[in-house]
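Derivation of every value follows stated rules applied to the coordinates shown; laboratory data play no part. Computed from a prediction, not measured in an experiment: that's the story for all the values here. Positions of Cβ are generated from backbone atoms using ideal geometry, with glycine treated the same way; all protein chains shown enter the neighbour counts.
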Amino acid sequence: MGTQYTTDIPFSSSHRQQAFKLLELPPELLALLESDNPPILTVTSSASTETTPGYAILSYGEKRYQMRQKNTSNPILVLKPSSTGPTEADDANMFIPVPSVTAIAKIEDTIELILQEGKAPPKVNKWHEKFAKSRMEKKG
């Protein structure tokens, strides 16, 4: 019988999950941040009105990006290296730890940047506004 190799990697999940937010960077902003002279980024809030709340703005130089949270259909797991420990069935003196990975966070939404080009930010319709609009079009 041939030699069998195991490629299993033990996996565990931490009871204390850390909070992370992922920020999707446009390629041109990523290139600037990786350059020898990266820009200083600032986060501010837009003005709110009676009907619309303010939103977060990421800016550098003359560029302004609206920051908008979006849900992902598949969660992203943040992993860190770890090693296995003995269980009650193991002899702690004879136990040999095995490299493993541990999930320390589960990210279910990300922040996207929408370039603002000197115009009002795009209106984000709520589902009930879309529903009401489609009903009006059907009646018309």
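Using Cα centres only, tell me the gap between the stretch 62-99 and the stretch 7-53 in whole Å.
That distance is 18 Å.
Please give the peptides 21-29, 47-55 ranked by average Cβ packing (other Cβ atoms within 10 Å per residue), highest first, as a rough proxy for protection.
21-29, 47-55
Under 5 Å between amide hydrogens, which residues at least 5 positions from SER82 or on another chain qualify, with H placed 1.01 Å from N in the peptide plane?
SER100, VAL101, THR102
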